[in-house]
Amino acid sequence: MKRRLFVKQAALAATAAAIKPALAFEPDKMKIGIQLYTVRYEVREMGIESVLSKLSKVGYQTVEMFDYKKGSYFGQDTKTMAALLKQYNLSSPSAHLGIDDFLYKGDDDAWKKATDDAAIMQHKYMVVPHLDEKYRKTADDYKKIAARLNKAGEISKAGGMNFAYHNHAFEFGKLGDTTGYDILLSETDPALVKMEMDIYWVVNAGLNPIDMIEKNPGRITMWHVKDMDKNNRNAQTEVGKGSIDFKSIFAKQKVSGLEYFFVEQENYDYSPYDSIEKCFSYVKQNLV
């Protein structure tokens, strides 16, 4: 009897699992995030606490940090910043860390310090967001950068973090028969270096984000969700108002290996706060 009961319960469980829709994300990764560079002027004028309060009221649940300087964000040490995030029911799974001493001068301790601070902030990802133009002129330059990205990945992993590189458009410029981005992909260890795809900059460079995802399955673990103005490819607009088909891109989230995404906008048709509210509304209603 016990055996028959076990078999019956197992069959019912299997049936339920078969008809239950699979989640595209784990529950804590369905949250709508924003890169704080979007509201950089508001941070400067009103202070980070005022901005965090506003973002929380709009409905954003995660933020991607920037402006890291030797143990602080926006003039606040990491313990204070972590407490502010908690106060406003926000988390920061990712941070942009432009640490030139590490990237170009070989100072590993600078990245180790950032990793310690990232642990205080409870970041999941540490991200190199940009490359100085003078260090990315040739294919060999990109190979040197790739070696430093591998090292960043090693140090980040040892500290319990993941690591990623965030693109602009310049990485897709031709260097002989390759591109800077292709070099970064081929010269880095996929287990150590993931990619944060800035969707706007990929399209701006004349490429298709879906093609990139399908060529690099599981490696593009974060996205910047940023739309392109319909009349000016060099201008941005609110998500859902521009020319980028985000619905088709979000349909590829599993292939991408997507873990987190962040709305970002660098220039505005409206005030920044009006824009981020419009972006949030579109993403919530149409993409997640």
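The values are calculated or read from the model by the stated rules, or taken from the named source; none is laboratory data. A quick note: this is a predicted structure, and the numbers were derived from the prediction, not measured. Counting neighbours? That spans all protein chains shown, and the Cβs are built from the backbone with ideal geometry, glycine included. In case anyone asks, the SASA skips ligands and DNA or RNA and just uses the protein heavy atoms, side chains included. Shrake-Rupley method; radii C 1.70, N 1.55, O 1.52, S 1.80 Å.
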Show the residue pairs that are 6+ apart or on different chains and have beta-carbon atoms under 7 Å apart, the first residue being within region 225-251 and more than 16 Å from ASN208 (Cα to Cα) and of a type in the set (Ser, Thr, Tyr), the second being open to solvent by 40 Å² or more (accessible area, probe 1.4 Å) and not in a helix (DSSP H, G or I). THR237/ASP269
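Within region 149-192, restricting attention to residues that are in a strand (DSSP E or B) and aliphatic (A, V, I, L, M), which residue is least open to solvent (accessible area, probe 1.4 Å)?
Taking the candidates together, the pick is ALA164.
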Report the residue count in region 123-137 for those that are closer than 20 Å to PHE66 by Cβ and assigned to a helix (DSSP H, G or I). 2
Looking only at region 256-288, filter to residues that are touching a residue at least 60 places away in the same chain (Cβ under 8 Å) and of a type in the set (Asp, Glu); which one of those is most open to solvent (accessible area, probe 1.4 Å)? GLU277
Could you list, in sequence order, all residues of region 198-212 that are touching a helix residue (DSSP H, G or I) at 6+ places or on another chain (Cβ under 8 Å) and under 17 Å from VAL127 (Cα atoms)? ILE199
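Looking only at residues that are of a type in the set (A, V, I, L, M, F, W, C) and not in a loop (DSSP other than H, G, I, E, B) in region 45-71, which one is nearest to PHE262 (Cα to Cα)? Outline the logic, then answer.
Filtering region 45-71 down to residues of a type in the set (A, V, I, L, M, F, W, C) leaves 46, 48, 51-52, 55, 58, 63, 65-66.
From what is left, the residues that are not in a loop (DSSP other than H, G, I, E, B) are 46, 48, 51-52, 55, 58, 63, 65.
Details: MET46: 22, ILE48: 18, VAL51: 16, LEU52: 15, LEU55: 13, VAL58: 14, VAL63: 7, MET65: 11 Å.
Among those that are of a type in the set (A, V, I, L, M, F, W, C) and not in a loop (DSSP other than H, G, I, E, B), it is VAL63.
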I'd like to know if region 194-216 contains one or more residues that are open to solvent by less than 40 Å² (accessible area, probe 1.4 Å), β-branched (Val, Ile, Thr) and part of a loop (DSSP other than H, G, I, E, B). no
Selection count, region 72-122, where residues are open to solvent by 10 Å² or more (accessible area, probe 1.4 Å) and in a loop (DSSP other than H, G, I, E, B): 10
Unmet requirement for ILE244, which otherwise passes all of (1) open to solvent by less than 10 Å² (accessible area, probe 1.4 Å); (2) touching a Pro at 6+ places or on another chain (Cβ under 9 Å): (1)
Somewhere in region 5-15, is a residue farther than 19 Å from THR78 by Cα, modelled with pLDDT under 95 and not in a helix (DSSP H, G or I)? no
May I ask you to list the residues in region 124-139 that are open to solvent by 10 Å² or more (accessible area, probe 1.4 Å) and either touching a helix residue (DSSP H, G or I) at 6+ places or on another chain (Cβ under 9 Å) or over 14 Å from GLU187 (Cβ atoms) (or both)? LYS124, PRO129, HIS130, ASP132, GLU133, LYS134, TYR135, ARG136, LYS137, ALA139
